[in-house]
Each structure stands twice: as C-alpha cells, then as structure tokens.
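S.K.: Here's a structure for you.
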Amino acid sequence: MTFASALKNELLEMGLEDVSLDDNGYLFATLPSNTERDIPTIGFIAHLDTSPDMSGKNVNPRIVKNYQGEDIPLCAEEDIILSPSQFPELKDHIGEDLIVTDGHTLLGADDKAGIAEIVSAIEYLQKHPEIKHGKIRIGFNPDEEIGLGAHKFDVKRFGCDWAYTMDGSEVGEIEYENFNAAAATITIQGRNVHPGYAKGKMLNAIRLAAEVVADFPMQESPEQTEGYEGFYHPTSISGTVDKATISFIIRDHDHDTFEKRKDFIQTVVNNLNEKYEEIVASAEVRNQYANMREVIEPIMYVIDIACEAVRRAGAEPKIKAIRGGTDGAQLSFMELPCPNIFAGGLNFHSRYEYVPVQSMQKAMMTIVHIAELVAQQ
C-alpha cells in the first residue's frame, strides 16, 4: 500500500483525473480524451507486487552502459555472475544499457517496468497534444504474483472497451493465449507406529508421497516442456510418517487436454488407494484461470492495433502463447478483453533479472502508438 500511495501522489501531480486508490490496493486514473470524436476507451494495466520467489527488499540496481556481451559480475565477492553462457539472450542486447541487480534480490522489473512504461507514456502524451487520443484509463493492482490480482478488480468502474497488461518479457512480445491453470493438493494419511514394531502395520506417508510424485511423467514436467506443451509441476511437499501433503500446479493450453490432466490427479490417487487396499490418499483440484484466447479471437483488431504499434515503436511483433498466467486472462473473462504486451524484462523471479533501457523505451512508445492508432481507426 505504501508504493501504491506514493504512485497515487505522482499521478495527482501529473494532473490526471479520477485518481483513486481503494482499500484493496487498486489504483486507477484517467487521461482525458483530447479530441471530440467518439473513440473507444482503452486501458493499460500493470501490477504493483513482485514475485515472492526471491526477496524484493532493498533492491540495489545499477545500469551497465553499452553492454558488449561480456559476463556481468552482480556480486564479485560471492561470484554471482550474469553470463551469456547461461543466459544466451543477453547477446540480443549488445550495445544496449542493461539495468541489473546486485545479485541479492530480484530487480522488480516484473512489473515495475510496466508501471514505469505506462506512466511515462501518459506523460509523453500530455507533452505532445498533437497526438490525438481518446480517454485512457490506467490501472495498477496488487497480488498478481499469487494469482489474485484480478479478483477484486472493479471492471465496471475501470470502464474500458478493452485493455492491455504491460507484463510481458522480451521486446516485441504480444500474447493473447495463456495456460489453462489449476492447483491440486494430494493429502496422504499414513499410519504411524513405533518403528521397532512396525512390520506389517506402518504406512509411511512420506514414502507414499514419493510414490505419488514418481507416478507423474517426467517428460511432462516444466523442465522438459516448451511452447504449447503442458505439464504437471509439484511445487511443495511436506509431512511426517503420519500425514503428508503434496501441492501441484497443472497447466495446458488445450482445454480438453487440461481436463484430462485434472482427471489424472484422481487416477493417481485411486491407484494408490487400490494398491494399499484402503483410503490412504485424497485429492482436491481447484481451477485458477482459463485461456483468454477464446475471448480475444472474436476481436482480433485489438491485436492488430498492438502489432502495428510495436512496429511503429521500432520493434518486430512476436505473437506467442504465455507459458504462465496474467491478470489479463482473468480480466478477459470478466468482460474486459485484455491481451498482454512486453515490458522488456528478462529472467523474472530471480537474482539474474534484468531489463534493457531501450526495451522499456520501445514498450513506452508502443503504448503511445496504441493510443494514437485507436483514435485514427
């Protein structure tokens, strides 16, 4: 809320209208139209929170000017190196200025880069009134990284015909497909007795949990899939001899395959219960979000506009499917079509996160050109 409050003050100082910050941490503002023509109201959205996968406290960024393809010591004393041998996409940014971490925190470009780009684009439009645009709404929300960013997003109050999240990665990316997503919890009830007298009596829930994990095909894990390939991913395991719990996430772009993946969770549980001839395991599966493709495909002009805006910003559009989720997926099913556009950062959720300044500039100008193209078309 501290960050949102500071950002609210900045938006007020810029002279934006309808600036509001609600009790849930959702910050909205308006740049009014500068033309009398009837133009659709569009929105740009980014999330305020950063990933819990690594600390975002006391971030100490620096800029590597005119990067030339060398290893970048993030913390020389601890031998923490950002190297093209591990991250070959660094070589795509030779000659650019890279914002990097000190190796002890994430950078937070996911999604503070998106926030900076949106605010900078609005400021640019204010300084260039010759660029005609309709009413533009901007929204900054919490909790995207835990999958709750759109849960309390007031779509009606936001009041847009469509919007774009600025939450993608590499320069040029435009995404309107994402995984169908579910979370699953498998609970295993063991039977604990004194280990010295356990023969024929004990059921070790830890060992059973290991059996469960081994039942999932390794070739359908995040480590061995790409593109449109889905996966099962055990994210945590905890317990004792008496009881153990395993958490999974399930992902697939194809709806039918996704449903089969959810069914497989129950199959694994049933097989374990059959093997031990009693109810030792149970499963709970919860849907998280769906593939927004079905919402966006009937209005592909929102993608066509974004592609042309990317070209005008000096980049090549790269339409791809998100191997993850986005607030836009949930918002699209809340009657706010909302594809995703690049913010420019790479190696999200890690100490090796970085963002080229030039990519952020192109993302900012993509926003400007979208506003211009909507007014023209």
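The values are calculated or read from the model by the stated rules, or taken from the named source; none is laboratory data. No experiment lies behind these values; they were computed from the predicted model shown. Backbone-built Cβ (ideal geometry, glycine too); neighbour counts: all protein chains shown.
S.K.: Within region 111-124, is there a residue that is part of a loop (DSSP other than H, G, I, E, B) and either small (Gly, Ala, Ser) or under 24 Å from SER33 (Cβ atoms) (or both)?
M.R.: Scanning region 111-124, I find no residue that is part of a loop (DSSP other than H, G, I, E, B) and either small (Gly, Ala, Ser) or under 24 Å from SER33 (Cβ atoms) (or both), so the answer is no.
S.K.: Answer yes or no: is there a residue in region 228-241 that is within 18 Å of ASN340 (Cα to Cα), surrounded by 14 or more Cβ atoms within 10 Å (Cβ to Cβ) and in contact with a Phe, Trp or Tyr (Cβ under 7 Å, 6 or more places away or on another chain).
M.R.: So far as region 228-241 goes, no, none of its residues is within 18 Å of ASN340 (Cα to Cα), surrounded by 14 or more Cβ atoms within 10 Å (Cβ to Cβ) and in contact with a Phe, Trp or Tyr (Cβ under 7 Å, 6 or more places away or on another chain).
S.K.: Here is a further query. If you scan region 35-85, which residues turn out to be closer than 30 Å to ILE305 by Cβ, of a type in the set (Ser, Thr, Tyr) and out of contact with any Leu (no Cβ under 9 Å at 6 or more places or on another chain)?
M.R.: THR35, THR41 - these are the residues of region 35-85 that are closer than 30 Å to ILE305 by Cβ, of a type in the set (Ser, Thr, Tyr) and out of contact with any Leu (no Cβ under 9 Å at 6 or more places or on another chain).
S.K.: Here are VAL295, VAL355: which of them is over 23 Å from PHE179 (Cα atoms), among the hydrophobic types (A, V, I, L, M, F, W, C), touching a residue at least 24 places away in the same chain (Cβ under 8 Å) and in the same structural domain as GLY172 (by TED's automatic domain parsing)?
M.R.: Just a single option satisfies the conditions, and that option is VAL355.
S.K.: Out of all the residues in region 318-338, which are free of Cβ contacts under 8 Å to residues at least 60 places away in the same chain and either surrounded by fewer than 24 Cβ atoms within 10 Å (Cβ to Cβ) or under 22 Å from GLU372 (Cβ atoms) (or both)?
M.R.: Within region 318-338, PHE333 is the sole residue that qualifies.
S.K.: Now for a separate question. Looking only at strands (runs of 3 or more DSSP E) that fall completely inside region 160-205, which ones have 3 or more residues that are closer than 24 Å to GLY314 by Cα?
M.R.: Of the strands (runs of 3 or more DSSP E) lying wholly inside region 160-205, those with at least 3 residues that are closer than 24 Å to GLY314 by Cα span 162-168, 173-178.
S.K.: Name the strands (runs of 3 or more DSSP E) wholly within region 17-75 that hold at least 3 residues that are crowded, with 20+ Cβ neighbours inside 10 Å?
M.R.: Qualifying strands (runs of 3 or more DSSP E): 27-31, 42-47.
S.K.: Return the total of residues in region 168-215 being within 29 Å of TYR289 (Cβ to Cβ) and either surrounded by fewer than 19 Cβ atoms within 10 Å (Cβ to Cβ) or among the small types (Gly, Ala, Ser) (or both).
M.R.: 14
S.K.: In addition: Taking region 237-276, which residues are within 26 Å of GLY147 (Cβ to Cβ) and of a type in the set (A, V, I, L, M, F, W, C)?
M.R.: ILE237, ALA244, ILE246, PHE248, ILE249, ILE250, PHE258, PHE264, ILE265, VAL268, VAL269
S.K.: Continuing with this model, one more query. Mind telling me which of the residues LEU82, LEU90, LEU21 ends up being in contact with a strand residue (DSSP E or B) (Cβ under 9 Å, 6 or more places away or on another chain) and under 30 Å from PHE153 (Cα atoms)?
M.R.: Residue meeting the stated conditions: LEU21.
S.K.: Would you call ALA315 touching a residue at least 60 places away in the same chain (Cβ under 8 Å), assigned by TED's automatic domain parsing to the domain that holds GLY172, in a helix (DSSP H, G or I) and of a type outside the set (S, T, N, Q)?
M.R.: no
S.K.: Return yes or no: is GLY200 more than 18 Å from TYR276 (Cα to Cα) and out of contact with any helix residue (DSSP H, G or I) (no Cβ under 7 Å at 6 or more places or on another chain)?
M.R.: Here the answer is no, as GLY200 does not meet what is asked.
S.K.: Taking ILE99 as meeting all but one of (1) aliphatic (A, V, I, L, M); (2) farther than 30 Å from ARG137 by Cβ; (3) part of a strand (DSSP E or B), write down the number of the exception.
M.R.: If we test ILE99 against (1) aliphatic (A, V, I, L, M); (2) farther than 30 Å from ARG137 by Cβ; (3) part of a strand (DSSP E or B), just (2) comes out false.
Quick grid of which residues meet (1) touching a Leu at 6+ places or on another chain (Cβ under 8 Å); (2) among the hydroxyl-bearing types (Ser, Thr, Tyr); (3) not in a loop (DSSP other than H, G, I, E, B):
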{"site": "LEU331", "(1), (2), (3)": "no, no, yes"}
{"site": "GLU335", "(1), (2), (3)": "no, no, no"}
{"site": "CYS338", "(1), (2), (3)": "yes, no, no"}
{"site": "GLY344", "(1), (2), (3)": "no, no, no"}
{"site": "SER350", "(1), (2), (3)": "yes, yes, no"}
{"site": "SER359", "(1), (2), (3)": "no, yes, yes"}
{"site": "MET365", "(1), (2), (3)": "no, no, yes"}
{"site": "LEU373", "(1), (2), (3)": "no, no, yes"}
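S.K.: Can you tell me which residue within region 255-301, out of those that are within 19 Å of PRO217 (Cα to Cα), in contact with a strand residue (DSSP E or B) (Cβ under 8 Å, 6 or more places away or on another chain) and of a type outside the set (A, V, I, L, M, F, W, C), is surrounded by the most Cβ atoms within 10 Å (Cβ to Cβ)?
M.R.: Ranking the qualifying residues of region 255-301, first place goes to ARG261.
One line per residue, one yes/no per condition, for (1) more than 29 Å from ALA6 (Cβ to Cβ); (2) hydroxyl-bearing (Ser, Thr, Tyr):
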site: SER55; (1), (2): no, yes
site: TYR67; (1), (2): yes, yes
site: GLU78; (1), (2): yes, no
site: PHE87; (1), (2): yes, no
site: LYS91; (1), (2): yes, no
site: ILE115; (1), (2): no, no
site: PRO129; (1), (2): no, no
site: ASN141; (1), (2): no, no
site: LYS156; (1), (2): no, no
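S.K.: Of everything in region 140-157, what is modelled with pLDDT of 95 or more and out of contact with any Leu (no Cβ under 7 Å at 6 or more places or on another chain)? Give them in sequence order.
M.R.: ASP154, LYS156, ARG157
S.K.: Further question on the same structure: Go through region 319-329 and give me each residue that's in a strand (DSSP E or B) and within 15 Å of HIS47 (Cβ to Cβ).
M.R.: The answer is ILE322, and nothing else.
S.K.: I'd like to check which strands (runs of 3 or more DSSP E) are fully inside region 213-312 and have at least 3 residues that are modelled with pLDDT of 95 or more and within 20 Å of the chain's Cα centre (by Cα).
M.R.: Passing ranges, in order: 231-239, 243-252.
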